[in-house]
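Have a look at the structure below, then the notes.
Every read-out reported here was derived from the displayed coordinates using simple, explicitly stated rules and does not represent laboratory data. Remember, predicted model here, so these are calculated numbers, not experimental data. FYI the Cβ positions are ideal-geometry reconstructions off the backbone, even for glycines, and counts take in every protein chain you see.
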Amino acid sequence: MGSHAKAWLVEDESAREMLDRVLTERPFLLLPPLHRVPLRVGNVVELVGPSSSSKTHILIQAAITCILPKLWKGVSYGGLGHSAMFIDLDCRFDVLRFSELLNHRIMEAANGSSSKVGCHQKDSEAQFARMKPYNEELFALCMKRFLYIRCYDSSEFLATLK
């Protein structure tokens, strides 16, 4: 077990190289620990763990990867372009946080495809103003693919599963 943990710490690339690789070669659900599970369309995933162990964050990132398109208007987003369903059983899902993370991923991909290192602040603000309607259109498209269901009790959960 100890040698397995040390394998994660071996330095074989810089942070910049890792980001370049991940943003251009994004495989299906890269997020640990889901990258080891052979997930297919239609699978149901349940994460169990103690409070504050990033279960929701992992699923949010997986859902965002699922609802983002692979390519949209010439920009690579590395998504799958499918729908995702999130069933909230403890009523603590933060839709605002989800939308912020989705918007961040959209902006990150859009800016990464057209910006250069060393741009001036005015250039980036002008680019943001030009991209805003474009990003809002993609954001709306992605949110249509996200189905959020909140179950307040076991009977609602069973009804949802039917």
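Before moving on, here are some points about what is shown:
- Nitroxide proxy distance, nm - points 7 Å out along Cα→Cβ at Glu108 and Thr160: 2.6 nm
- Between Asp88 and Glu17, the C-beta separation translates, for a Förster distance of 35 Å, into a calculated FRET efficiency of about 0.40.
- Approximate shape of the range 61-112 as ellipsoid semi-axes (Cα gyration tensor, √5λ), whole Å, largest first: 23, 13, 6
- Using 0.36 nm per residue and subtracting the Cα-Cα separation, the extra length available between Val48 and Leu101 on full extension is 16.9 nm.
- Distance between modelled label sites at Asp153 and Tyr134, nm, 7 Å Cα→Cβ extension: 5.0 nm
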